[in-house]
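All remarks here apply to the structure that follows.
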Amino acid sequence: MLYDFHTHTFHSDGILSPIELIRRAFVKGYSAIAITDHVALGSLGRIIKEISDDCALARTYWDILAIPGVELTHVPPQAVSEVAKKAKEMGAWLVVVHGETSVEPVEKGTNLAAVQSPYVDILAHPGLMTPEEATLAARNDVFIELTARKGHSAANSHVALVSQKAKAKMLVSSDAHDENDLLTPSLVESILRQAGLNQQQRSQILDRNPMLLIEKVNRSS
């Protein structure tokens, strides 16, 4: 089963419409996909509404859990929790925060702000995440992303090691911008092996953690 909680459409820097990306994911065997376009405070209402409508349409007619979400990107760290809360109030089921990857750096302190917020679900591609940040993520039920995205994925081994030590829950997501970026079983296994994870850890990330996140999403939505 394939679960992907971080993707982009033409509402930000992706190529496809939300409904087309969901359909292509469904054809590839996805069980769940979250549409998480880049947003800040000014674009929340418009993007959440349009994504939510397409996700609802997909859930009605196809056997896939289509989740309306957002990725908070270049939001000042002091405002991350406030904007995440507003996104949830406006109808986002899932809030992802763009982490401090070295490839597309956001303001220092973003990782810490994300893992401290009760309204954030996933810290995406967190780069050289610290043990303190991983410990807070575990304590506050914020999931940590291992990414398939080129460049961002260079830190996956570090992220996996720090997360394991802190017992923070990890997920694999594509950060897809078009259909060619979508996950496949072989790609997911490759990411997890390269991150240095054993079979038991891989099973937790592939099977158990996605269900825990879906349960969390269901509770909040």
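Under the condition of being within 19 Å of VAL217 (Cα to Cα), among the charged types (D, E, K, R) and either surrounded by 14 or more Cβ atoms within 10 Å (Cβ to Cβ) or touching a Phe, Trp or Tyr at 6+ places or on another chain (Cβ under 9 Å) (or both), the residues counted in the stretch 24-49 number 1. Out of MET211, MET170, MET129, report the one residue that is within 30 Å of HIS11 (Cβ to Cβ), out of contact with any strand residue (DSSP E or B) (no Cβ under 8 Å at 6 or more places or on another chain) and either among the acidic types (Asp, Glu) or modelled with pLDDT of 95 or more (or both). Testing whether each residue is within 30 Å of HIS11 (Cβ to Cβ), out of contact with any strand residue (DSSP E or B) (no Cβ under 8 Å at 6 or more places or on another chain) and either among the acidic types (Asp, Glu) or modelled with pLDDT of 95 or more (or both) leaves just MET211. Flag: ALA124 matches the condition of being among the hydrophobic types (A, V, I, L, M, F, W, C), within 25 Å of HIS38 (Cβ to Cβ) and at pLDDT 95 or above.
Among the residues of the stretch 134-146, not a single one is surrounded by 20 or more Cβ atoms within 10 Å (Cβ to Cβ), part of a helix (DSSP H, G or I), touching a helix residue (DSSP H, G or I) at 6+ places or on another chain (Cβ under 9 Å) and of a type in the set (Ser, Thr, Tyr).
Within the stretch 147-184, the set of residues being buried (at least 18 other Cβ atoms within 10 Å of the Cβ) and of a type in the set (Ser, Thr, Tyr) comprises THR147, SER153, SER163, SER173, SER174. Inside the stretch 206-221, residues that are in contact with a Lys or Arg (Cβ under 8 Å, 6 or more places away or on another chain) and either farther than 24 Å from MET90 by Cα or basic (Lys, Arg) (or both) make up a count of 1.
Only one entry in VAL103, VAL95 is in contact with a Leu (Cβ under 7 Å, 6 or more places away or on another chain) and of a type in the set (Val, Ile, Thr), namely VAL95. As a summary of the residue check, ASP207 satisfies the conditions (1) touching a residue at least 40 places away in the same chain (Cβ under 8 Å); (2) part of a loop (DSSP other than H, G, I, E, B); (3) farther than 21 Å from VAL97 by Cα; (4) not polar (S, T, N, Q) except for the one numbered (2).
Residues of the stretch 15-30 that are under 21 Å from VAL188 (Cα atoms), not in a helix (DSSP H, G or I) and not hydroxyl-bearing (Ser, Thr, Tyr): LYS28, GLY29.
Among the residues of the stretch 64-120, count how many are polar (S, T, N, Q), surrounded by 20 or more Cβ atoms within 10 Å (Cβ to Cβ) and outside any loop (DSSP other than H, G, I, E, B). Total satisfying the criteria: 3. Inspection of the stretch 195-211 finds a residue satisfying the criterion of being among the small types (Gly, Ala, Ser), surrounded by fewer than 19 Cβ atoms within 10 Å (Cβ to Cβ) and on the phi > 0 side of the Ramachandran plot. In the stretch 21-31, the condition of being in contact with a Leu (Cβ under 6 Å, 6 or more places away or on another chain) and among the basic types (Lys, Arg) is met by at least one residue.
The values are calculated or read from the model by the stated rules, or taken from the named source; none is laboratory data. Bear in mind that the values here come from a model prediction, so they are computed numbers and not experimental data. Ideal geometry is used to build each Cβ from the backbone, glycine not excepted, and the neighbour counts take in all protein chains shown.
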